[in-house]
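Notes for the one structure printed next.
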Amino acid sequence: FINYVYYMINLLSILLISFGFAQYDYILQDINPNSSTYDQLISPDTFNNQVTLHYFGHQNWGACTARVGQLDDLYQDLLNAGIENVKIISIGKGGSYENSNSNWINNTSMPIIIDPVSYETWSNWGAGQRDLYFLDANGNYANDFNISSWNYDAVYNQIIELLPEANPPPNALN
């Protein structure tokens, strides 16, 4: 009986810990042929020791497509400045939205993943259209905000705050 209770307590602990981390997780395929992770299953864990940004939007909306382009420009600015421990992932929706995947793929190099029609990733993250989530280099939730109004400096500054001390950023990019 004691072994059974011990087993149940351990199982419950594992489930609670897993549930706590499951909110900010997914495993979805990168559909962007311009991305270094194209055709691979990726998750936040794919990018260990990197700050990750997770952008949620609709592929068929002009403002969402504009944000993907602006995030990719910011990503290129970071790379050009020698900041390589940041990854930005765009998360679109399946179903009829997939007819517009090319809106996001054209001229971008970031991973693009599509949440199937149940939209479990969007639900688990509590995401709305044009929400941007930041996870630190350990994969922990740090912040999120909506980027319906684009603010390069706000996104850039949040990234800089999350970079590990050992890798100080340059003074300014833009």
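The values are calculated or read from the model by the stated rules, or taken from the named source; none is laboratory data. Quick caveat: nothing in here was measured; it's all calculated off a predicted structure. Each accessible area value is taken on the protein alone, full model and side chains, heavy atoms only, with ligands, DNA and RNA left out. Shrake-Rupley method; radii C 1.70, N 1.55, O 1.52, S 1.80 Å.
If I stretch the segment between Q29 and Q76 completely, what's the gain in nm (0.36 nm per residue apart, minus their alpha carbon distance), one decimal?
Numbers: separation 47, 0.36 × 47 = 16.92 nm, distance 2.20 nm.
Extending this stretch completely gives an extra 14.7 nm.
Quick one: length gained pulling N99 to S43 fully straight, 0.36 nm per residue minus the C-alpha distance? Kindly include the intermediate steps, with their values, before the conclusion.
On the way: separation 56, 0.36 × 56 = 20.16 nm, distance 2.33 nm.
Result: 17.8 nm gained on full extension.
Considering only protein heavy atoms and a probe of 1.4 Å, how much of the accessible area of the stretch 60-117 is carbon and sulfur, as a whole percent? Can you show the working numbers first?
Values: 960 of 2290 Å².
Its accessible area is 42 percent carbon and sulfur atoms.
Counting only heavy atoms of the protein chains, get the accessible area per residue of the stretch 86-171 (1.4 Å probe) and round it to a whole Å² value.
On the way: 3950 Å² over 86 residues.
Normalised by residue count, the accessible surface of the stretch 86-171 is 46 Å².
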